[in-house]
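Just passing along the structure, written as structure tokens.
The values are calculated or read from the model by the stated rules, or taken from the named source; none is laboratory data. Worth saying up front: this structure is predicted, and the values here are computed from it rather than measured. Every residue, glycine as well, gets a Cβ built from its backbone with ideal geometry; the counts of neighbours run over all protein chains shown. We work out accessible area using only protein heavy atoms, side chains counted, and drop any ligands, DNA or RNA first. Shrake-Rupley method; radii C 1.70, N 1.55, O 1.52, S 1.80 Å.
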Amino acid sequence: MDRLIVERKLESLRRSLERVRSKCPDAVEEFMRDIDAQDIVVLNLSRAVQQCVDIGTHLLSDSRLPTPETMGSTFDLLAAEGIIDANLAARIKKSVGFRNVAVHSYSALDMAIVHAIARDHLEDFTAFARAVARRLK
């Protein structure tokens, strides 16, 4: 595992989360009216998910486990390796579904759900980053 690559990806994750925090208004009604905020939030949430997958696969590259067959299974394998706990793995795994809809069927996104993710679930990404940082030490 190349520590510098993981650290750079963690920094990219941090920047994406900061963009979400800074651009997502508190009120869902305001978010629903602001298509620029919607685009910024969706893009940066998608990036955050992708960064977590990339970090996870990078960490697993040194493990005895097989290569993940899906993006979501990356988090199951990270839990199996003790890098993250099973509850966090399940929560982050759900974010892959969001990312897939955002990337492949953007028009199908429910912006109220996007707002809820941005306002109420960023801690999952932060917890993931903390677990990875602990692993690097």
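With charges only on Cβ, +1 for K and R and -1 for D and E, what is the dipole size of segment 77-137 about its Cα centre, in debye, rounded to 20?
240 debye
Another one. Which whole-number percent is the relative contact order of the chain (Cα, under 8 Å, 6+ apart)?
Worked out over the chain, it gives 29 percent.
Which percent of the accessible heavy-atom area of the chain goes to carbon and sulfur, probe 1.4 angstrom?
51 percent
May I ask you to give the solvent-accessible area per residue for the chain, in square angstrom, as obtained with a 1.4 angstrom probe?
55 Å²
With only Lys, Arg, Asp and Glu charged, each at its Cβ (+1 for the first two, -1 for the last two), find how big the charge dipole of the chain is about the Cα centre; round to the nearest 20 debye.
That gives a dipole near 460 debye.
Also: Tell me which DSSP H helices of the chain clear both cut-offs, 18 Å or more of axial length from alpha-carbon atoms and a mean Kyte-Doolittle hydropathy of at least 0.0.
Length and hydropathy pass: 35-60, 86-104, 122-136.
If you don't mind, another one. Cross-link partners among lysines for Lys137, C-alpha distance below 25 Å, same-chain residues fewer than 8 apart left out?
Lys9, Lys93
Please find the FRET efficiency linking Leu4 to Asp39, where r is the Cβ-Cβ separation and R0 is fixed at 22 Å, and quote it to the nearest 0.05. Write down the numbers at each step before the final one.
Values: r = 31 Å, r/R0 = 1.41.
It comes to 0.10.
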